[in-house]
Amino acid sequence: MENTKLEELKKLAQEHIQNAKDTNALNDIRVKYLGKKGEITTMLKAMKDLSPEERPKFGQMVNAIREQIETELNQQMTELQEKAKEVRMAAETIDVTLPAKKMAYGHAHPNTRALEEVEKIFVGMGYEVVEGPEVEYDENNFEKLNIPAGHPARDEQDTFYINNNILLRTQTSSVQARVMEQGKLPIRMICPGRVFRSDAVDATHSPSFHQIEGLVIDKHVTFADLKGTLDKFAKELFGPDTKTKLRPHHFPFTEPSAEVDVSCFKCGGKGCRFCKGEGWIEILGCGMVHPHVLEMCGIDPNVYQGFAFGVGLERIALLKYEIDDMRLLYENDTRFLSQF
């Protein structure tokens, strides 16, 4: 009876070995029949129920079947490994006569391109590029820029406060305050960077965007110097025929203040869809640094004067590359970005 079971077990094992598709299946078969709790091991445990005369013969049969199954397992394992190697080698074969694969190279983002162009213009005029922290003190972001407590610009709905004294900067003017505090005059700088405001996301607004602000502090600085600087900047950025126009405005940290328009570089000021028929496009705000701001930063306003200006980097990119929705700059759509 036991002999019959052994023969059936051997045939079943051989059938499983021949049908195995990969080495993992063979390993499972090895465990099933030859493992510590396998079928062959279980048969050996049954020897205790046999008579002393039957045990030696039965043990020899079990060992012979074990060796035969082991041999067939090893042979099938070798064959499957060779087949797998051939498949792998075939997949790794390289046809050196084929043309090389085209490499996909990255390139600068529209924001980066616009920033590099602006920096190049101002560095060419003798300005220094300065960076500062995005997490800023309330004092640098508001107080020293003539925006006291209770001012509408400090409303928590517009500003991301971390605590009463620390916030995510709403403007890179905070870098200007830091530089003025150092007292190393004269100053001629621009400070590009990311800023944060509690705005809803739409085609022209985002809670996180970029600004480029400029500052000049020296003796005998006038509004004419400001106008000449911005006129030069506009011509370098949008073309030599570009004209600038200043309109009175109000900013807490400058007095007098103005907003700057440039003549439409698409129609030359005649009026078109791009400029909404007005012939002018608003690009930035500016003004003479408020004397109180100079005082709070340790600079004597009777000796030194200065001007400041600020422009949104995304606004420049939208105008420069004729993009009609700021959200496109941040959606990482390669169909859009590949155009640049």
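The values are calculated or read from the model by the stated rules, or taken from the named source; none is laboratory data. Keep in mind that what you see is a predicted model, and the values were worked out from it rather than measured. Please note: Cβ atoms are built from the backbone with ideal geometry, for glycine as well, and neighbour counts cover all protein chains shown.
Which pairs turn up if I take residues in region 112-127 that are closer than 17 Å to residue 320 by Cα and look for partners that are surrounded by fewer than 16 Cβ atoms within 10 Å (Cβ to Cβ) with beta carbon separation below 6 Å, at least 6 apart in sequence or on another chain?
Matching pairs, first to second residue: 119/129.
With the requirement that a residue be over 11 Å from residue 308 (Cβ atoms), in contact (Cβ under 8 Å) with a residue 40 or more places away in the chain and assigned to a strand (DSSP E or B), what does region 268-297 give you?
283, the sole residue that qualifies.
Among what's in region 268-304 and is loosely packed, with under 14 Cβ neighbours inside 10 Å and not acidic (Asp, Glu), pick the residue that is farthest from residue 257 (Cα to Cα).
Filtering region 268-304 for residues that are loosely packed, with under 14 Cβ neighbours inside 10 Å and not acidic (Asp, Glu), the one farthest from residue 257 (Cα to Cα) comes out as 273.
Considering only residues of region 112-152 that are small (Gly, Ala, Ser) and in contact with a helix residue (DSSP H, G or I) (Cβ under 9 Å, 6 or more places away or on another chain), which is surrounded by the most Cβ atoms within 10 Å (Cβ to Cβ)?
Among residues in region 112-152 that are small (Gly, Ala, Ser) and in contact with a helix residue (DSSP H, G or I) (Cβ under 9 Å, 6 or more places away or on another chain), the one surrounded by the most Cβ atoms within 10 Å (Cβ to Cβ) is 114.
Would you mind stating whether residue 227 is of a type outside the set (A, V, I, L, M, F, W, C), modelled with pLDDT under 90 and not in a strand (DSSP E or B)?
So residue 227 does not fit the description; no.
Any idea how many residues of region 153-181 are touching a Ser or Thr at 6+ places or on another chain (Cβ under 6 Å), of a type in the set (S, T, N, Q) and exposed (fewer than 15 other Cβ atoms within 10 Å of the Cβ)?
Residues flagged as touching a Ser or Thr at 6+ places or on another chain (Cβ under 6 Å), of a type in the set (S, T, N, Q) and exposed (fewer than 15 other Cβ atoms within 10 Å of the Cβ) within region 153-181 amount to 1.
If a residue must be among the β-branched types (Val, Ile, Thr) and in a helix (DSSP H, G or I), how many such residues does region 60-102 contain?
6
Residues in region 188-201: is at least one assigned by TED's automatic domain parsing to the domain that holds residue 129, in a helix (DSSP H, G or I) and in contact (Cβ under 8 Å) with a residue 24 or more places away in the chain?
No, the conditions are met nowhere in region 188-201.
Does region 206-221 contain at least one residue that is hydroxyl-bearing (Ser, Thr, Tyr) and under 19 Å from residue 160 (Cα atoms)?
Looking through region 206-221, at least one residue is hydroxyl-bearing (Ser, Thr, Tyr) and under 19 Å from residue 160 (Cα atoms).
Looking for something under 24 Å from residue 137 (Cα atoms), touching a strand residue (DSSP E or B) at 6+ places or on another chain (Cβ under 7 Å) and part of a loop (DSSP other than H, G, I, E, B) - is there at least one such residue anywhere in region 208-217?
no
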